[in-house]
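Q: Below: one structure in structure tokens.
The values are calculated or read from the model by the stated rules, or taken from the named source; none is laboratory data. Predicted model only: the values in this text are computed from it and were never measured. Because the Cβ atoms are built from the backbone with ideal geometry, glycine has one as well, and the counts that use them run over all protein chains shown. Areas reflect the complete protein model, heavy atoms only, side chains present, ligands, DNA and RNA absent. Shrake-Rupley method; radii C 1.70, N 1.55, O 1.52, S 1.80 Å.
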Amino acid sequence: MDLSAKHVVIVGGGFAGVGCALELARSGKVRVTLIDRNNHHQFQPLFYQLATSALAPGDVAFSLRKIFRKWPGVDIKQAEVNSVDPKSRTVGTEQGQTYQGDFLVLAAGARANFFNTPGAEANTFPLYALADAERLRSRILALFEDADRDPKLIDQGALNFVIVGGGATGCEIAGGLADMIHSTVTAEYEDLAVNAARIYLVERGTILLAPFSTRAHEYASRVLQHDGVILKLNTAVNEVHPGHVVLSDGNSIKTRCVVWGAGLKAAAIAASAGLPQGRGGRINVQPDLTVEGFPGLYALGDFANIVGSSGNPLPQLGSVALQSGRWAAKNILADIAEKPRTAFHYHDKGIMAMIGRNAAIAEVGERRHELEGAIAYAMWLGVHVALLTGLQVKIETFVEWGWDYFSKGRGPQLIDRSDAARIDWQDDDKDEETPERA
Ligand SMILES: Cc1cc2nc3c(=O)[nH]c(=O)nc-3n(C[C@H](O)[C@H](O)[C@H](O)COP(=O)(O)OP(=O)(O)OC[C@H]3O[C@@H](n4cnc5c(N)ncnc54)[C@H](O)[C@@H]3O)c2cc1C
């Protein structure tokens, strides 16, 4: 490694951080230190399939050291960044080290936004990290085991699943869970009254998949209801207790599994960095992806508020993150070559969501051609394969599971997170009827 080369410190090994580091590594002109709290890159679009036992952890997370094995100019550090000094482009870690760069790239992603809902942080399962998906899988499986052993627990809500938020994450987990209940659980739990299971999808607004077209809203509602999901639109979750949720319509639902898919905000270090923040606490960036007043400081992906060509902020998507990472690398190299930085242009490939096995919705390209069903599923697969290959991750597993999923295979059904699986059935402060089970 050429120690005289310019040094780029990148925080976050997600789509944005890895995309940026790979582009810089290929140039051979800089040293990169890539810091992440995990030793892996995580592929969030597939978390719902891990949570519903359709995939294994190794299918949705990939070793960072392996991704960069061929690039000696990239040094991986597993550490929790807990301070940022934008002026000196230095970050400090919980473990006690500091890293200073000629350039600093902040790509720490997002975390759940609970919107100050009482009890939500303590009593729900968000889905933003590999560990979240593993915990949720363990909780779902543990509930079926508990109810199988003691059917009286069904009256305490053992088989009620509440999903908060009718966006892509909420619809995907609702569809995946319905699929798991209809296929695996029905086939494997002979004594259990599986038909007592209820999946509630609670959405504050009047439609599902708000960023999509009217046709997509209707398609998602139709598919999910066909699969037995109970939609509660125009309804908010106002409180979350260990054993029930309270809804804005005054009803409550007994449940031991609340999935939080209702919103995002920037990762924690955004709040303490002393940088300008926009919606969701994301760091405001200029068109060239640098932060105003700090020419060597970039913010990318879900961590940043990047304004698109329409004047609106770009959505939190893997493709936005990956493309912003690559663009930032080009601007860093331009800086080093004393050439002008250029304004980021997002190449919009469209938006898509999986709603269940063989059921997906895709709006492709900037003109938003609408596709649904198996063809949209294939499109989803293609776009996500492209994201993975962009990160140099081998795609064999992905294609394998794609086929497996299509042909009704199932991943490991392991309860391996005892913290999430151990349920204290006495621990609730209210006892109300579940509205839908009469
Ligand atoms: C459940 C779910 C489903 C999704 N489905 C899709 C989809 O189908 N298609 C799509 O395009 N997008 C999807 N997205 C969005 C997409 O995954 C994100 O937009 C994308 O991951 C953002 O990339 P990023 O690099 O900005 O952040 P991330 O991928 O979140 O990476 C941030 C990294 O920073 C690390 N980090 C954070 N804080 C610290 C710290 N203090 N110290 C050290 N490391 C830190 C994290 O460990 C993480 O590795 C989905 C997201 C979720 C949660």
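Q: For the range 127-146, give me the residue count where each residue is among the basic types (Lys, Arg) and open to solvent by 20 Å² or more (accessible area, probe 1.4 Å).
A: Adding up the residues that qualify gives 2.
Q: Does Ser88 satisfy the criteria of being of a type in the set (Gly, Ala, Ser), away from the ligand (no atom under 14 Å from the Cβ), assigned to a loop (DSSP other than H, G, I, E, B) and open to solvent by less than 10 Å² (accessible area, probe 1.4 Å)?
A: Against the criterion (of a type in the set (Gly, Ala, Ser), away from the ligand (no atom under 14 Å from the Cβ), assigned to a loop (DSSP other than H, G, I, E, B) and open to solvent by less than 10 Å² (accessible area, probe 1.4 Å)), Ser88 does not qualify.
Q: On to the next question. Please go through (1) assigned to a helix (DSSP H, G or I); (2) in contact with a strand residue (DSSP E or B) (Cβ under 7 Å, 6 or more places away or on another chain); (3) open to solvent by less than 50 Å² (accessible area, probe 1.4 Å) for Val246 and return the number of the only condition it doesn't satisfy.
A: Against the list (1) assigned to a helix (DSSP H, G or I); (2) in contact with a strand residue (DSSP E or B) (Cβ under 7 Å, 6 or more places away or on another chain); (3) open to solvent by less than 50 Å² (accessible area, probe 1.4 Å), Val246 comes up short only on (1).
Q: Test Pro340 against the criterion of being farther than 16 Å from Gly280 by Cα, more than 16 Å from the ligand (Cβ to nearest atom) and in contact (Cβ under 8 Å) with a residue 12 or more places away in the chain, and give yes or no.
A: Judged against the criteria, Pro340 is not a match.
Q: Given (1) within 13 Å of the ligand (Cβ to nearest atom); (2) closer than 21 Å to Phe43 by Cβ; (3) surrounded by fewer than 23 Cβ atoms within 10 Å (Cβ to Cβ); (4) not charged (D, E, K, R), identify the lone condition not met by Gly356.
A: Single failed check for Gly356: (1).
Q: List the pairs whose first member sits in the range 373-384 and is more than 9 Å from Met354 (Cα to Cα), whose second member is within 12 Å of the ligand (Cβ to nearest atom) and not in a helix (DSSP H, G or I), and whose Cβ atoms are under 7 Å apart, counting only residues at least 6 apart or on separate chains?
A: Met379/Met352; Met379/Ala362; Val383/Lys349; Val383/Met352
Q: Among the residues in the range 306-322, are any over 23 Å from Leu209 (Cβ atoms), open to solvent by less than 40 Å² (accessible area, probe 1.4 Å), modelled with pLDDT of 95 or more and within 14 Å of the ligand (Cβ to nearest atom)?
A: Taking every residue of the range 306-322 in turn, none turns out to be over 23 Å from Leu209 (Cβ atoms), open to solvent by less than 40 Å² (accessible area, probe 1.4 Å), modelled with pLDDT of 95 or more and within 14 Å of the ligand (Cβ to nearest atom).
Q: Condition test on Leu46, is it open to solvent by less than 30 Å² (accessible area, probe 1.4 Å) and within 11 Å of the ligand (Cβ to nearest atom)?
A: On the way: open to solvent by less than 30 Å² (accessible area, probe 1.4 Å): yes; within 11 Å of the ligand (Cβ to nearest atom): yes.
Judged against the criteria, Leu46 is a match.
Q: Shifting gears a bit: Ala122 fails exactly one of the following numbered conditions: (1) surrounded by fewer than 16 Cβ atoms within 10 Å (Cβ to Cβ); (2) over 23 Å from the mean Cα position of the chain (by Cα). What is the number of that condition?
A: It fails just one condition, (2).
Q: Tell me which of these Pro295 doesn't satisfy, since it passes every other one: (1) closer than 20 Å to Val84 by Cβ; (2) assigned to a strand (DSSP E or B); (3) within 15 Å of the ligand (Cβ to nearest atom).
A: The failed condition is (3).
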